[in-house]
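In what follows, a single structure is set out as structure tokens and then discussed.
The values are calculated or read from the model by the stated rules, or taken from the named source; none is laboratory data. What you see is a predicted model, and the numbers here were worked out from it, not measured in a lab. Note that each Cβ is placed from the backbone with ideal geometry, even for glycine, and that neighbours are counted across all protein chains shown.
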């Protein structure tokens, strides 16, 4: 089931949607915009990275805002032993655990594929952001250490109110679509 954070739940619809609805929502949005689109992508996992890269390539005139609550995109753990977490015997072991033991095991396995990107996406994202800064196009906005504190949806778009996680500095982002790359439950 797509996970939608509570602060976004009452706004889900045409302009605020989970990544699981990306293609149909983008088709509908494209038909209704008469200008360069503005996107806000919430999340820092593989899906968020791939969507940012897709939007940058498919919409060369778009403004793309990536919002993450920590220092930026990180790569998932690639160690041979850590990825054995997905072997059948390890899966059986995990599901045989109960309560707190299962939660602890899950916390250890998170670094293997959750809220992280693969090396190719990490490299491509960094290169795209670097090229954007170097060329002065200023269309890829990597907002690090921010969280959305409020949003208002109207016919003309979405206004996200943000707060820097540590300094609490307020900010605002205007977007035509907010794409929630927030995982699944």
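Six or more apart or on different chains, Cβ atoms under 6 Å: show the pairs whose first residue is in the range 91-104 and in the same structural domain as residue 81 (by TED's automatic domain parsing) and whose second is assigned to a helix (DSSP H, G or I) and surrounded by 11 or more Cβ atoms within 10 Å (Cβ to Cβ).
94/105; 97/105
Is it the case, given these coordinates, that residue 116 is surrounded by 13 or more Cβ atoms within 10 Å (Cβ to Cβ) and touching a helix residue (DSSP H, G or I) at 6+ places or on another chain (Cβ under 8 Å)?
yes
Could you check how many residues of the range 121-164 are in a helix (DSSP H, G or I) and surrounded by 13 or more Cβ atoms within 10 Å (Cβ to Cβ)?
Qualifying residue count for the region: 8.
Could you tell me whether residue 170 is crowded, with 16+ Cβ neighbours inside 10 Å and either under 24 Å from residue 29 (Cβ atoms) or touching a strand residue (DSSP E or B) at 6+ places or on another chain (Cβ under 7 Å) (or both)?
Criteria not met by residue 170.
Residues that are at pLDDT below 90, at least 1 per element: which strands (runs of 3 or more DSSP E) completely within the range 1-119 meet that?
By residue number, no strands (runs of 3 or more DSSP E) qualify.
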